[in-house]
Amino acid sequence: MRRHWRIARRDLRGSLGSFAIFFACTALGVATIATVGVLNAGITRTLERDASSLLGGDVEIEQPNNALADAEIDALVPAGARLSRTVRTNAIVFDAEGDSLAVELKAIDGAYPLYGGLETAPPGLRPGEGGALVEEGVLTRLGVEVGDTLELGSGRVTIDGVVRREPDRIGGYVGLGPRLMVDWRTLESLDVLVPGALARYGYRLALAEPDSAETVAADLQNRHPEATWRARSARDVQPRVARFTDRLATYLMMAGLTALVIGGLGIGLSVRAYLEGKTASIATLRSLGARAADITRIYGLQLGALAVGGTAIGVASGQALPFVLAPLASGLFPVDIEATIEPLPLLYAGACGLVTVALFAWLPLARCR
C-alpha cells in the first residue's frame, strides 16, 4: 500500500487542476448540508435556553375576546409569582391625510416584559400614555415619522419611537399588519375593544420556582377543565417553533443532498475525463507488471485523497458559515441565535460527501483497469 501511495502521489503532481469541478461539487454539497445542520442545532439550543422569553413568562394564561376579572386572576396566580398583562388585536390607523393602514395592536402594562428585553429606537423607550411604538413598516407604508400622530379608535396617539424586537413575538395572535404598541391605559381610552372585537388577552407569570412551570400550567388546566382560557408553559412554545425550524432545515437539507447528488454527476464526469487522460500511464504500469488490482488501488488512493480534501473543505466551510449567518438568522427570531461547533451535523455532512464520491467515482475507476 505504501508503494501504491507513492506512485499515486507522484502521478498526481501537476494534475490537481483537472479536479477543480471535483473539488467544487464535493465541497459545495457538503458545505450546504453542514451549514444547515449546524444552524438548526444552534436554533434548537437557543429555543431550549430562551423558552421563557419566547413565551413572555414561565406560564401564560390566554383568554380570547374577553378579559378575566381581577378576582379570577388573583385566584389563578400562584404565591410569589409576578404578573404581566397584554392584549393583542387588529385595528386600523389613519394619518393626517386620511391614509389608512391595518396594524396589529398590542397593549402592555408596566411589568412587561417579564423575560428578555424590548428593543427600541431610540433605545430604552416604552409607550407612554397617549403614545405608541411602531414597527418600521408603519412609518414606510404611511409615510409618517416619529413625532407624528395617528388616529386610532376614538382618539389619537403620538409615535414615540420604533420597536425593533419583542421577546415574546413568536406565536400567538395572527396580525394583519405591522405592530403598533401602546400602554394599557392608552388602549382603554381609545375604545378599540368594542363588543365583538377579536382579541387575545395574555397573562404571563414569572414564577418563584421557574422549574415548576409545566406542573403549574397542568395544575391550572386540570383544576379548571371548563375554563375558556388556556394555560401553557414555556416548554409548550419550544416544540411549536422547533417544528417550523425542523421542517425548514429538512427542506434545506434535501436541497443540499440534491445539490450533492447532482454534483456527483460532475464528479463522475471529471473522474472519467481524468482517467481517460491517464491511459498512457496505466498502459505503462501494466507493461511493467502491475495488476488490475494495483491500478485500482493507485487511482483509488488518488481519488480517496481528493475526496477527503474536498469533504474537509466543505465541512470547514459548513462550520464557519453559521458564525456569519447566525446574526442574520437572529433577525427572524426575538432572541439571538448563537452558532457553536456541532460535531454531529459535520460528521453527517462529511459522510454524505464521501459516500457520494464513492458511488459516482467507482464506475469510471472500475473501467480504467
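Here are a few things to note about the model shown:
- Highest average packing first - 27-36, 151-160, Cβ atoms within 10 Å: 27-36, 151-160
- Packing rank of 261-269, 61-69, 94-102, 353-361, where each peptide gets the mean count of other beta carbons within 10 Å, highest leading: 353-361, 261-269, 61-69, 94-102
- Distant-in-sequence amide contacts of R164, defined by a placed amide H-H separation under 5 Å and a gap of 5 or more residues or a different chain, comprise E119, T120, A121.
- Mean separation of Cα contacts under 8 Å (6+ apart) over length of the stretch 99-158, as relative contact order %: 32
- Applying the Karplus relation 6.51 cos²θ - 1.76 cosθ + 1.60 with θ = phi - 60° to the stretch 154-161 yields 3J(HN,Hα) values of 9, x, 9, 10, 9, 6, 7, x Hz, where x marks Gly and Pro.
Read-outs throughout are calculated quantities, based only on the coordinates presented, and are distinct from any laboratory measurement. Here the structure is a predicted model, which means the values were calculated and not measured. Neighbour counts are summed over all protein chains in view; Cβ atoms, including those assigned to glycine, are modelled from backbone coordinates with ideal geometry.
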